[in-house]
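Right, one structure below, let's go through it.
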Amino acid sequence: MRITVLGASAGGGLPQWNCACPNCQSARTGGEVLPRTQSALAVAAGDRRWVLVNASPDIGAQLRATPALWPASDGGQRGSPISAVLLTNADVDHIAGLLTLRESQPFELCATPSVLETLRANRVFDALNADHVTRSPLELDHSRPLPGDGRLTVTPFAVPGKVALFLETPDTLARSGARSEDTIGLEFRDAVSGTRAVVIPGCADIDDELKTRIDGADVLLFDGTVYNDDEMITAGLSQKTGRRMGHVPMAGLDGSLAGLADVRVGRRVFIHINNSNPVLQPSSGAACVVADVGWEIAFDGMDITV
Ligand code: MLT
Ligand code: MN
Ligand code: ZN
């Protein structure tokens, strides 16, 4: 199974347009922090067939940087190797790129019913011509084949999370952290190689159900939004903790490093990394801590074969 990281950053990207934090300044000025675009992956589903996980606002640049996702160079015709787009939630950093994928190109758009309802309720997404783009509901805990050569299946599963920021109300906040169709992870299986990849860009908590789901995966791509739960508050960037944003921090007794330490995984890779996260500085103490316990920090263009 082959997975390419198109964008390794969380919402806002790195550098974020309005942010002068040390990481953003370093990324802007060619320092040690590599620039990263917003959250998306591509999973190979056969000969010149790919499935995207999320449609980032940066998808135009991501596709230009990834020759495998270019139209076939057979002259004149329109086309795309992208056979499906799977959404893990309705966050702006995961849906805004759908608007770039208009232009009467057939593909399957797969999301849970609640995320599909968010798209349906916002008419700007009607720019995706229904004659070409098939909206297909993802059923939790049911595996389905992916369009391609038939090797890959995906199983969506709910993780602790919340609705997208722009959908928050007092009601949704009361349910924050619960499992629902609003935030999901995706488990990919390759029937030929027998390998399994688990992709979770957003997750508010680590519990036994999550650990059981991940256990034995050949690769885990997991929410690396923040290192410390309060890092955005202490840096003066925001009033919110990571958990309040639906993202379990890496550090701490109840963080992802400790929580997932005893889960058996081939490779463990942090994705969806916020520009405030100190692990983005290769020379930081946080980057050393994370590397010492076997985690990799994703970067744009990272190619993972398991
Ligand atoms: C998140 O992952 O928490 C969201 O992308 C935040 C946002 O929409 O800015
Ligand atoms: Mn996000
Ligand atoms: Zn910043």
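The values are calculated or read from the model by the stated rules, or taken from the named source; none is laboratory data. Quantities reported herein were computed from a predicted structural model and do not represent experimental measurements. Here Cβ is always computed from backbone atoms with ideal geometry, including for glycine, and neighbour counts include all displayed protein chains.
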Can you tell me which of Gly202, Gly177 is closer than 27 Å to Leu257 by Cα and within 16 Å of the chain's Cα centre (by Cα)?
-> Gly202
Checked Ala68, Ala8 against criteria (crowded, with 16+ Cβ neighbours inside 10 Å and either in contact with a His (Cβ under 9 Å, 6 or more places away or on another chain) or modelled with pLDDT of 95 or more (or both)); the one match is Ala8
Hey, among Thr4, Thr66, Thr88, Thr29, which residue is more than 16 Å from ligand 2 (Cβ to nearest atom) and touching a helix residue (DSSP H, G or I) at 6+ places or on another chain (Cβ under 9 Å)?
-> Thr4
Within the range 1-37, residues being more than 13 Å from ligand 3 (Cβ to nearest atom) and in contact with a strand residue (DSSP E or B) (Cβ under 9 Å, 6 or more places away or on another chain) number 10
Could you say whether any residue in the range 45-55 is modelled with pLDDT of 95 or more, within 14 Å of ligand 1 (Cβ to nearest atom), charged (D, E, K, R) and under 21 Å from Met302 (Cβ atoms)?
-> no
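The rows are residues; the columns are (1) in a strand (DSSP E or B); (2) out of contact with any helix residue (DSSP H, G or I) (no Cβ under 7 Å at 6 or more places or on another chain); (3) free of Cβ contacts under 8 Å to residues at least 12 places away in the same chain; (4) not small (Gly, Ala, Ser).
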residue	(1), (2), (3), (4)
Ala42	yes, no, no, no
Leu52	yes, yes, no, yes
Ala72	no, yes, no, no
Gly75	no, yes, yes, no
Ser83	yes, yes, no, no
Phe125	no, no, no, yes
